[in-house]
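Student: Let me begin by handing over the structure; questions about it come next.
The values are calculated or read from the model by the stated rules, or taken from the named source; none is laboratory data. Please read all numbers here as calculations on a predicted model, not as lab measurements. Cβ sites come from the backbone with ideal geometry, for glycine too, and all protein chains shown count toward neighbours. Heads up: the accessible areas ignore ligands, DNA and RNA and are worked out on the full protein's heavy atoms, side chains in. Shrake-Rupley method; radii C 1.70, N 1.55, O 1.52, S 1.80 Å.
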Amino acid sequence: MSQGNYTPRREHKFTFGLWTVGNRGRDPFGDAVRPTLTPVEAVRMLGELGAYGVNFHDNDLVPIDASPQDRDRIVNEFRSACEENGIAVPMATVNLFYDPVFRDGAFTANDKSVRAYALQKTMRAMDLGVECGAKIFVLWGGREGVETDGCRRPDEAVKRLREALNYLCEYSLDQKYVYKFALEAKPNEPRADIYMPTTGAYLALIATLDRPEMVGVNPEVAHEHMAGLNMTHSVAQAWEAGKLFHIDLNDQIPGRYDQDLRFGSANPKAAFWLVKFLEDVGYSGPRHFDAHAYRTEDYDGVKEFASGCMRTYLIFKEKSEQWNADPEIKALLAEISETSGDGRGTKFNSQHASELLSANFDRAGLAARGLKYERLDQLTMDILLGVR
Ligand code: GCO
Ligand code: MN
Ligand code: MN
(Lines give C-alpha, C1' and ligand atoms only; values in the text may rest on other atoms or scores of the structure.)
(Ligands and ions follow the chains in the order given, each with its own letter.)
Protein backbone atom coordinates (compact mmCIF):
# COMPACT_ATOMS: atom_id res chain seq x y z
CA MET A 1 0.00 0.00 0.00
CA SER A 2 1.33 3.43 -0.81
CA GLN A 3 2.57 5.78 1.92
CA GLY A 4 1.48 9.07 0.36
CA ASN A 5 1.68 12.37 2.11
CA TYR A 6 -1.85 13.62 2.52
CA THR A 7 -1.03 16.83 4.36
CA PRO A 8 -2.88 19.75 2.79
CA ARG A 9 -0.72 22.64 1.61
CA ARG A 10 -1.68 26.10 0.41
CA GLU A 11 -0.90 25.18 -3.21
CA HIS A 12 -3.69 22.57 -3.17
CA LYS A 13 -6.13 25.50 -3.05
CA PHE A 14 -8.53 23.99 -0.52
CA THR A 15 -11.14 26.47 0.66
CA PHE A 16 -14.08 26.37 3.06
CA GLY A 17 -17.01 28.69 3.61
CA LEU A 18 -17.44 30.43 6.96
CA TRP A 19 -20.84 28.74 6.92
CA THR A 20 -19.29 25.26 6.59
CA VAL A 21 -16.87 24.99 9.51
CA GLY A 22 -19.11 27.47 11.32
CA ASN A 23 -22.22 25.30 10.83
CA ARG A 24 -23.81 24.80 14.25
CA GLY A 25 -25.82 21.71 13.37
CA ARG A 26 -29.24 23.33 13.28
CA ASP A 27 -31.74 21.37 11.17
CA PRO A 28 -35.53 21.50 10.69
CA PHE A 29 -35.97 19.18 13.67
CA GLY A 30 -33.44 20.49 16.15
CA ASP A 31 -31.55 23.49 17.37
CA ALA A 32 -27.85 24.32 17.28
CA VAL A 33 -25.54 21.81 18.98
CA ARG A 34 -22.30 23.80 18.77
CA PRO A 35 -21.51 27.29 20.08
CA THR A 36 -20.96 30.12 17.59
CA LEU A 37 -17.60 30.05 15.84
CA THR A 38 -16.64 33.65 15.06
CA PRO A 39 -15.21 34.42 11.59
CA VAL A 40 -11.83 35.14 13.20
CA GLU A 41 -11.87 31.76 14.99
CA ALA A 42 -12.84 30.03 11.74
CA VAL A 43 -9.93 31.65 9.93
CA ARG A 44 -7.55 30.56 12.68
CA MET A 45 -8.86 27.00 12.46
CA LEU A 46 -8.49 26.90 8.67
CA GLY A 47 -4.96 28.27 8.92
CA GLU A 48 -4.03 25.51 11.38
CA LEU A 49 -5.52 22.82 9.16
CA GLY A 50 -3.57 23.91 6.07
CA ALA A 51 -6.42 25.32 3.99
CA TYR A 52 -5.71 27.94 1.34
CA GLY A 53 -8.75 30.13 1.75
CA VAL A 54 -12.08 31.06 3.21
CA ASN A 55 -15.27 32.20 1.48
CA PHE A 56 -18.34 33.87 2.90
CA HIS A 57 -21.85 35.16 2.34
CA ASP A 58 -22.14 38.86 3.25
CA ASN A 59 -24.04 38.00 6.44
CA ASP A 60 -21.67 35.21 7.54
CA LEU A 61 -19.26 38.06 8.17
CA VAL A 62 -21.39 41.17 8.71
CA PRO A 63 -24.80 40.79 10.39
CA ILE A 64 -27.64 42.03 8.20
CA ASP A 65 -28.46 44.90 10.59
CA ALA A 66 -24.87 45.98 11.40
CA SER A 67 -24.16 49.71 11.53
CA PRO A 68 -21.58 51.06 9.05
CA GLN A 69 -19.09 51.45 11.93
CA ASP A 70 -19.60 47.85 13.07
CA ARG A 71 -19.27 46.66 9.50
CA ASP A 72 -15.92 48.37 9.06
CA ARG A 73 -14.60 47.10 12.40
CA ILE A 74 -15.65 43.50 11.60
CA VAL A 75 -14.11 43.64 8.13
CA ASN A 76 -10.82 45.03 9.48
CA GLU A 77 -10.58 42.34 12.16
CA PHE A 78 -11.37 39.66 9.63
CA ARG A 79 -8.82 40.90 7.12
CA SER A 80 -6.10 41.01 9.77
CA ALA A 81 -6.99 37.47 10.85
CA CYS A 82 -6.71 36.29 7.23
CA GLU A 83 -3.34 37.96 6.88
CA GLU A 84 -2.00 36.59 10.17
CA ASN A 85 -3.09 33.06 9.32
CA GLY A 86 -2.08 33.09 5.65
CA ILE A 87 -5.66 32.60 4.49
CA ALA A 88 -6.92 34.04 1.17
CA VAL A 89 -10.49 35.01 0.23
CA PRO A 90 -10.88 33.78 -3.36
CA MET A 91 -14.69 33.85 -3.47
CA ALA A 92 -17.54 35.85 -2.00
CA THR A 93 -21.27 35.34 -2.23
CA VAL A 94 -24.53 36.83 -1.01
CA ASN A 95 -27.24 35.47 1.21
CA LEU A 96 -30.52 35.89 -0.68
CA PHE A 97 -32.41 33.15 1.14
CA TYR A 98 -32.33 33.46 4.96
CA ASP A 99 -34.21 36.66 5.66
CA PRO A 100 -38.03 36.43 5.45
CA VAL A 101 -38.00 39.16 2.79
CA PHE A 102 -36.76 36.47 0.37
CA ARG A 103 -39.56 33.99 1.04
CA ASP A 104 -40.71 34.29 -2.59
CA GLY A 105 -37.20 34.40 -4.02
CA ALA A 106 -34.90 37.34 -4.71
CA PHE A 107 -34.18 38.23 -8.36
CA THR A 108 -37.28 36.32 -9.48
CA ALA A 109 -39.66 37.41 -6.68
CA ASN A 110 -42.97 38.86 -7.79
CA ASP A 111 -42.56 42.01 -5.71
CA LYS A 112 -40.36 44.47 -7.59
CA SER A 113 -39.17 46.07 -4.33
CA VAL A 114 -37.85 42.68 -3.23
CA ARG A 115 -36.06 42.32 -6.57
CA ALA A 116 -34.53 45.79 -6.17
CA TYR A 117 -33.46 45.03 -2.59
CA ALA A 118 -31.85 41.78 -3.78
CA LEU A 119 -29.81 43.72 -6.34
CA GLN A 120 -28.77 46.28 -3.73
CA LYS A 121 -27.76 43.55 -1.26
CA THR A 122 -25.76 41.75 -3.96
CA MET A 123 -23.92 44.92 -5.03
CA ARG A 124 -23.00 45.58 -1.40
CA ALA A 125 -21.84 41.96 -1.02
CA MET A 126 -19.69 42.44 -4.13
CA ASP A 127 -18.12 45.55 -2.55
CA LEU A 128 -17.46 43.55 0.62
CA GLY A 129 -15.89 40.71 -1.33
CA VAL A 130 -13.58 43.09 -3.18
CA GLU A 131 -12.43 44.61 0.12
CA CYS A 132 -11.31 41.13 1.17
CA GLY A 133 -9.68 40.26 -2.17
CA ALA A 134 -12.34 38.05 -3.75
CA LYS A 135 -12.25 37.63 -7.54
CA ILE A 136 -15.02 35.07 -7.91
CA PHE A 137 -18.62 35.82 -7.00
CA VAL A 138 -20.89 32.81 -6.53
CA LEU A 139 -24.63 33.13 -7.01
CA TRP A 140 -26.73 30.28 -5.73
CA GLY A 141 -30.43 30.84 -6.39
CA GLY A 142 -31.50 29.79 -2.89
CA ARG A 143 -35.21 30.53 -3.04
CA GLU A 144 -35.52 31.35 -6.73
CA GLY A 145 -38.26 28.81 -7.20
CA VAL A 146 -41.79 27.82 -6.29
CA GLU A 147 -44.12 25.70 -4.27
CA THR A 148 -46.94 26.43 -6.73
CA ASP A 149 -46.41 27.27 -10.38
CA GLY A 150 -49.59 29.33 -10.14
CA CYS A 151 -47.57 32.24 -8.72
CA ARG A 152 -45.79 33.22 -11.96
CA ARG A 153 -44.98 31.93 -15.39
CA PRO A 154 -41.64 30.14 -15.20
CA ASP A 155 -40.40 31.88 -18.36
CA GLU A 156 -40.99 35.23 -16.61
CA ALA A 157 -38.64 34.02 -13.88
CA VAL A 158 -35.97 33.29 -16.48
CA LYS A 159 -36.29 36.82 -17.87
CA ARG A 160 -36.00 38.37 -14.38
CA LEU A 161 -32.96 36.28 -13.60
CA ARG A 162 -31.30 37.30 -16.87
CA GLU A 163 -32.01 40.97 -16.22
CA ALA A 164 -30.47 40.77 -12.72
CA LEU A 165 -27.34 38.99 -13.99
CA ASN A 166 -26.89 41.55 -16.76
CA TYR A 167 -27.25 44.35 -14.20
CA LEU A 168 -24.65 42.82 -11.85
CA CYS A 169 -22.12 42.33 -14.66
CA GLU A 170 -22.45 46.01 -15.56
CA TYR A 171 -22.06 47.00 -11.91
CA SER A 172 -18.86 44.96 -11.68
CA LEU A 173 -17.43 46.61 -14.81
CA ASP A 174 -18.55 50.07 -13.74
CA GLN A 175 -16.74 49.66 -10.40
CA LYS A 176 -13.66 48.30 -12.22
CA TYR A 177 -13.97 45.02 -10.34
CA VAL A 178 -12.51 41.91 -11.92
CA TYR A 179 -15.25 39.54 -10.82
CA LYS A 180 -16.17 36.36 -12.60
CA PHE A 181 -19.63 35.15 -11.60
CA ALA A 182 -20.16 31.45 -10.91
CA LEU A 183 -23.79 30.29 -10.98
CA GLU A 184 -24.72 27.36 -8.78
CA ALA A 185 -27.63 25.11 -9.71
CA LYS A 186 -29.72 23.03 -7.30
CA PRO A 187 -32.90 21.10 -8.12
CA ASN A 188 -34.84 21.58 -4.85
CA GLU A 189 -34.48 22.58 -1.18
CA PRO A 190 -35.21 24.98 0.36
CA ARG A 191 -38.16 25.30 -2.05
CA ALA A 192 -40.10 22.50 -3.66
CA ASP A 193 -38.63 23.29 -7.07
CA ILE A 194 -35.82 25.69 -7.85
CA TYR A 195 -35.43 27.36 -11.24
CA MET A 196 -32.20 26.44 -13.02
CA PRO A 197 -32.09 22.95 -11.49
CA THR A 198 -28.96 21.75 -13.24
CA THR A 199 -25.58 23.04 -14.30
CA GLY A 200 -26.64 22.46 -17.90
CA ALA A 201 -29.63 24.79 -17.43
CA TYR A 202 -27.28 27.55 -16.29
CA LEU A 203 -24.89 26.93 -19.18
CA ALA A 204 -27.78 27.50 -21.55
CA LEU A 205 -28.84 30.70 -19.74
CA ILE A 206 -25.29 32.10 -19.75
CA ALA A 207 -25.21 32.01 -23.55
CA THR A 208 -28.16 34.44 -23.56
CA LEU A 209 -26.55 37.08 -21.29
CA ASP A 210 -25.15 40.43 -22.43
CA ARG A 211 -21.68 39.55 -21.16
CA PRO A 212 -21.44 35.76 -21.23
CA GLU A 213 -17.66 35.87 -20.85
CA MET A 214 -18.03 37.14 -17.27
CA VAL A 215 -20.28 34.31 -16.16
CA GLY A 216 -19.62 30.62 -15.56
CA VAL A 217 -20.85 27.91 -13.21
CA ASN A 218 -20.22 26.49 -9.75
CA PRO A 219 -21.33 22.85 -9.88
CA GLU A 220 -21.87 21.09 -6.53
CA VAL A 221 -21.59 17.34 -5.98
CA ALA A 222 -24.64 17.18 -3.68
CA HIS A 223 -26.86 19.15 -6.03
CA GLU A 224 -26.06 16.96 -9.04
CA HIS A 225 -26.51 13.79 -6.95
CA MET A 226 -29.84 15.07 -5.55
CA ALA A 227 -31.02 15.18 -9.15
CA GLY A 228 -29.60 11.71 -9.79
CA LEU A 229 -27.00 13.12 -12.18
CA ASN A 230 -23.31 12.42 -12.75
CA MET A 231 -21.30 15.31 -11.25
CA THR A 232 -18.21 14.57 -13.32
CA HIS A 233 -20.24 14.83 -16.53
CA SER A 234 -21.65 18.22 -15.50
CA VAL A 235 -18.20 19.44 -14.54
CA ALA A 236 -16.74 18.14 -17.79
CA GLN A 237 -19.33 19.97 -19.87
CA ALA A 238 -18.65 23.18 -17.95
CA TRP A 239 -14.90 22.70 -18.34
CA GLU A 240 -15.17 22.02 -22.07
CA ALA A 241 -17.18 25.23 -22.45
CA GLY A 242 -14.56 27.23 -20.52
CA LYS A 243 -17.11 27.83 -17.76
CA LEU A 244 -15.79 25.97 -14.73
CA PHE A 245 -15.21 29.08 -12.61
CA HIS A 246 -15.62 27.41 -9.20
CA ILE A 247 -16.61 24.06 -7.68
CA ASP A 248 -18.46 22.94 -4.51
CA LEU A 249 -17.20 19.63 -3.17
CA ASN A 250 -19.22 17.59 -0.66
CA ASP A 251 -21.24 14.40 -0.84
CA GLN A 252 -24.85 13.29 -0.96
CA ILE A 253 -26.83 10.06 -1.18
CA PRO A 254 -29.45 10.47 -3.94
CA GLY A 255 -33.07 10.59 -2.86
CA ARG A 256 -32.39 12.13 0.55
CA TYR A 257 -32.63 15.61 2.04
CA ASP A 258 -29.71 18.00 1.38
CA GLN A 259 -26.96 16.25 3.33
CA ASP A 260 -23.73 18.24 2.69
CA LEU A 261 -21.60 15.29 3.77
CA ARG A 262 -17.82 15.22 4.03
CA PHE A 263 -16.28 15.03 0.55
CA GLY A 264 -16.09 11.49 -0.79
CA SER A 265 -17.84 9.93 2.21
CA ALA A 266 -21.04 8.77 0.48
CA ASN A 267 -19.92 7.79 -3.01
CA PRO A 268 -16.12 7.48 -3.01
CA LYS A 269 -15.99 6.14 -6.55
CA ALA A 270 -17.85 9.14 -7.97
CA ALA A 271 -15.54 11.40 -5.95
CA PHE A 272 -12.53 9.60 -7.41
CA TRP A 273 -13.64 10.18 -11.01
CA LEU A 274 -14.26 13.82 -10.19
CA VAL A 275 -10.84 14.38 -8.62
CA LYS A 276 -9.22 12.50 -11.49
CA PHE A 277 -10.98 14.72 -14.00
CA LEU A 278 -10.02 17.96 -12.23
CA GLU A 279 -6.39 16.86 -11.91
CA ASP A 280 -6.14 15.41 -15.44
CA VAL A 281 -7.41 18.57 -17.12
CA GLY A 282 -5.42 20.86 -14.82
CA TYR A 283 -8.28 22.79 -13.21
CA SER A 284 -6.48 25.53 -11.31
CA GLY A 285 -9.33 27.15 -9.35
CA PRO A 286 -10.17 26.72 -5.69
CA ARG A 287 -11.31 23.32 -4.43
CA HIS A 288 -14.09 24.55 -2.21
CA PHE A 289 -15.72 22.26 0.35
CA ASP A 290 -19.37 23.22 0.80
CA ALA A 291 -20.14 20.66 3.47
CA HIS A 292 -20.51 20.46 7.21
CA ALA A 293 -19.72 18.16 10.12
CA TYR A 294 -22.25 15.71 11.54
CA ARG A 295 -24.56 17.12 14.18
CA THR A 296 -22.95 14.73 16.67
CA GLU A 297 -19.66 16.65 16.67
CA ASP A 298 -17.99 19.28 18.80
CA TYR A 299 -15.31 21.55 17.27
CA ASP A 300 -12.71 18.77 17.43
CA GLY A 301 -15.09 16.79 15.24
CA VAL A 302 -15.44 19.80 12.93
CA LYS A 303 -11.65 19.78 12.50
CA GLU A 304 -11.77 16.05 11.76
CA PHE A 305 -14.45 16.76 9.18
CA ALA A 306 -12.50 19.56 7.48
CA SER A 307 -9.23 17.63 7.50
CA GLY A 308 -11.10 14.60 6.18
CA CYS A 309 -12.41 16.52 3.15
CA MET A 310 -8.88 17.58 2.19
CA ARG A 311 -7.30 14.20 3.02
CA THR A 312 -9.80 12.32 0.88
CA TYR A 313 -9.17 14.71 -2.02
CA LEU A 314 -5.42 14.16 -1.75
CA ILE A 315 -5.81 10.38 -1.49
CA PHE A 316 -7.86 10.40 -4.69
CA LYS A 317 -5.33 12.69 -6.35
CA GLU A 318 -2.65 10.11 -5.58
CA LYS A 319 -4.93 7.28 -6.70
CA SER A 320 -5.53 9.01 -10.01
CA GLU A 321 -1.78 9.27 -10.59
CA GLN A 322 -1.56 5.56 -9.79
CA TRP A 323 -4.45 4.86 -12.21
CA ASN A 324 -2.79 6.86 -15.00
CA ALA A 325 0.53 5.04 -14.49
CA ASP A 326 -0.86 1.51 -14.13
CA PRO A 327 0.56 -0.68 -16.97
CA GLU A 328 -2.53 -2.87 -17.33
CA ILE A 329 -4.85 0.14 -17.38
CA LYS A 330 -2.56 1.84 -19.88
CA ALA A 331 -2.70 -1.22 -22.14
CA LEU A 332 -6.50 -1.29 -21.97
CA LEU A 333 -6.66 2.43 -22.76
CA ALA A 334 -4.31 1.91 -25.72
CA GLU A 335 -6.73 -0.69 -27.13
CA ILE A 336 -9.62 1.73 -26.67
CA SER A 337 -7.78 4.53 -28.42
CA GLU A 338 -6.90 2.24 -31.35
CA THR A 339 -10.59 1.97 -32.16
CA SER A 340 -11.60 5.49 -31.13
CA GLY A 341 -8.95 7.35 -33.14
CA ASP A 342 -8.50 10.91 -31.92
CA GLY A 343 -11.92 10.90 -30.36
CA ARG A 344 -13.52 13.16 -32.95
CA GLY A 345 -15.34 12.48 -36.20
CA THR A 346 -14.52 13.89 -39.58
CA LYS A 347 -15.78 17.30 -40.67
CA PHE A 348 -18.58 17.28 -43.18
CA ASN A 349 -17.94 17.74 -46.88
CA SER A 350 -20.17 16.37 -49.60
CA GLN A 351 -17.54 14.00 -51.03
CA HIS A 352 -16.90 12.52 -47.60
CA ALA A 353 -20.63 12.18 -47.03
CA SER A 354 -21.19 10.31 -50.29
CA GLU A 355 -18.27 7.95 -49.53
CA LEU A 356 -19.65 7.37 -46.06
CA LEU A 357 -23.12 6.70 -47.45
CA SER A 358 -21.78 3.97 -49.74
CA ALA A 359 -19.35 2.39 -47.23
CA ASN A 360 -19.88 -1.17 -45.97
CA PHE A 361 -19.61 -1.77 -42.25
CA ASP A 362 -19.15 -5.18 -40.63
CA ARG A 363 -21.95 -4.50 -38.18
CA ALA A 364 -21.93 -7.95 -36.60
CA GLY A 365 -18.13 -7.94 -36.34
CA LEU A 366 -18.15 -4.51 -34.67
CA ALA A 367 -20.74 -5.65 -32.17
CA ALA A 368 -19.04 -8.97 -31.37
CA ARG A 369 -15.82 -7.82 -29.70
CA GLY A 370 -15.82 -7.53 -25.89
CA LEU A 371 -14.76 -4.07 -24.74
CA LYS A 372 -13.08 -5.10 -21.45
CA TYR A 373 -14.71 -2.33 -19.46
CA GLU A 374 -15.46 -4.85 -16.70
CA ARG A 375 -11.73 -5.45 -16.31
CA LEU A 376 -11.04 -1.71 -16.48
CA ASP A 377 -13.54 -0.95 -13.76
CA GLN A 378 -12.35 -3.78 -11.50
CA LEU A 379 -8.77 -2.52 -11.81
CA THR A 380 -10.14 0.87 -10.72
CA MET A 381 -11.85 -0.80 -7.75
CA ASP A 382 -8.65 -2.62 -6.82
CA ILE A 383 -6.82 0.70 -6.78
CA LEU A 384 -9.55 2.41 -4.77
CA LEU A 385 -9.78 -0.44 -2.29
CA GLY A 386 -6.03 -0.36 -1.78
CA VAL A 387 -5.11 -3.88 -2.96
CA ARG A 388 -3.30 -2.84 -6.13
C1 GCO B 1 -26.83 25.00 -0.37
C2 GCO B 1 -25.83 25.70 -1.26
C3 GCO B 1 -25.13 26.84 -0.58
C4 GCO B 1 -24.34 27.71 -1.56
C5 GCO B 1 -23.87 28.93 -0.90
C6 GCO B 1 -22.99 29.79 -1.78
O7 GCO B 1 -27.22 23.91 -0.74
O8 GCO B 1 -27.23 25.56 0.64
O9 GCO B 1 -24.91 24.75 -1.70
O10 GCO B 1 -24.30 26.35 0.43
O11 GCO B 1 -23.27 27.03 -2.09
O12 GCO B 1 -24.99 29.67 -0.51
O13 GCO B 1 -23.72 30.61 -2.55
MN1 MN C 1 -25.59 22.70 -1.35
MN1 MN D 1 -23.02 25.05 -2.59
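Student: Tell me which residues, restricted to the range 326-358, are at pLDDT 95 or above and in contact with a helix residue (DSSP H, G or I) (Cβ under 7 Å, 6 or more places away or on another chain).
Tutor: Matches in the range 326-358: Asp326, Glu328, Ile329, Leu332.
Student: Look at Met91 and say whether it is more than 26 Å from Pro187 (Cα to Cα), assigned by TED's automatic domain parsing to the domain that holds Arg191 and touching a residue at least 60 places away in the same chain (Cβ under 8 Å).
Tutor: no
Student: Turning to a different aspect of this structure: Could you identify the single residue in Ile206, Ile194 that is at pLDDT 95 or above, touching a helix residue (DSSP H, G or I) at 6+ places or on another chain (Cβ under 6 Å) and surrounded by 19 or more Cβ atoms within 10 Å (Cβ to Cβ)?
Tutor: Only one candidate qualifies: Ile206.
Student: Taking the range 209-228 only, how many residues are crowded, with 23+ Cβ neighbours inside 10 Å and within 12 Å of ligand 3 (Cβ to nearest atom)?
Tutor: Number satisfying all stated conditions: 8.
Student: Here are the criteria: (1) over 18 Å from Leu168 (Cβ atoms); (2) open to solvent by less than 50 Å² (accessible area, probe 1.4 Å); (3) touching a His at 6+ places or on another chain (Cβ under 8 Å). Tell me which single one Tyr52 does not satisfy.
Tutor: Failed condition: (2).
Student: Still on this structure, please answer the following. From the list Arg44, Arg71, pick out the single residue that is among the basic types (Lys, Arg), surrounded by fewer than 18 Cβ atoms within 10 Å (Cβ to Cβ) and closer than 26 Å to Thr7 by Cβ. Give the derivation first.
Tutor: Details: Arg71 fails: closer than 26 Å to Thr7 by Cβ.
Of Arg44, Arg71, the one residue that is among the basic types (Lys, Arg), surrounded by fewer than 18 Cβ atoms within 10 Å (Cβ to Cβ) and closer than 26 Å to Thr7 by Cβ is Arg44.
Student: Specify the residue that is farthest from ligand 3 (Cβ to nearest atom); the eligible residues are those in the range 20-34 that are without any contact (Cβ under 8 Å) to a residue 60 or more places away in the chain and open to solvent by less than 90 Å² (accessible area, probe 1.4 Å).
Tutor: Applying the filter and picking the extreme gives Ala32.
Student: Out of all the residues in the range 233-247, which are under 21 Å from Val178 (Cα atoms) and either within 15 Å of ligand 3 (Cβ to nearest atom) or part of a strand (DSSP E or B) (or both)?
Tutor: Residues satisfying the conditions are Ala238, Leu244, Phe245, His246, Ile247.
Student: Further question on the same structure: Among Thr93, Thr148, Thr108, Thr122, which is the only one that is among the β-branched types (Val, Ile, Thr) and open to solvent by 60 Å² or more (accessible area, probe 1.4 Å)?
Tutor: Values: Thr93 fails: open to solvent by 60 Å² or more (accessible area, probe 1.4 Å); Thr108 fails: open to solvent by 60 Å² or more (accessible area, probe 1.4 Å); Thr122 fails: open to solvent by 60 Å² or more (accessible area, probe 1.4 Å).
Being among the β-branched types (Val, Ile, Thr) and open to solvent by 60 Å² or more (accessible area, probe 1.4 Å) holds for just one of Thr93, Thr148, Thr108, Thr122, which is Thr148.
Student: Going through the range 202-232 one residue at a time, which ones are more than 16 Å from ligand 1 (Cβ to nearest atom), among the acidic types (Asp, Glu) and part of a helix (DSSP H, G or I)?
Tutor: Residues of the range 202-232 more than 16 Å from ligand 1 (Cβ to nearest atom): 203-214, 228, 230, 232.
Imposing the further condition that a residue be among the acidic types (Asp, Glu) reduces the set to 210, 213.
Glu213, the sole residue that qualifies.
Student: Every residue in the range 147-188 that is within 16 Å of ligand 2 (Cβ to nearest atom) and outside any loop (DSSP other than H, G, I, E, B), please.
Tutor: If the condition is that a residue be within 16 Å of ligand 2 (Cβ to nearest atom) and outside any loop (DSSP other than H, G, I, E, B), then Ala182, Leu183, Glu184 are the ones that fit.
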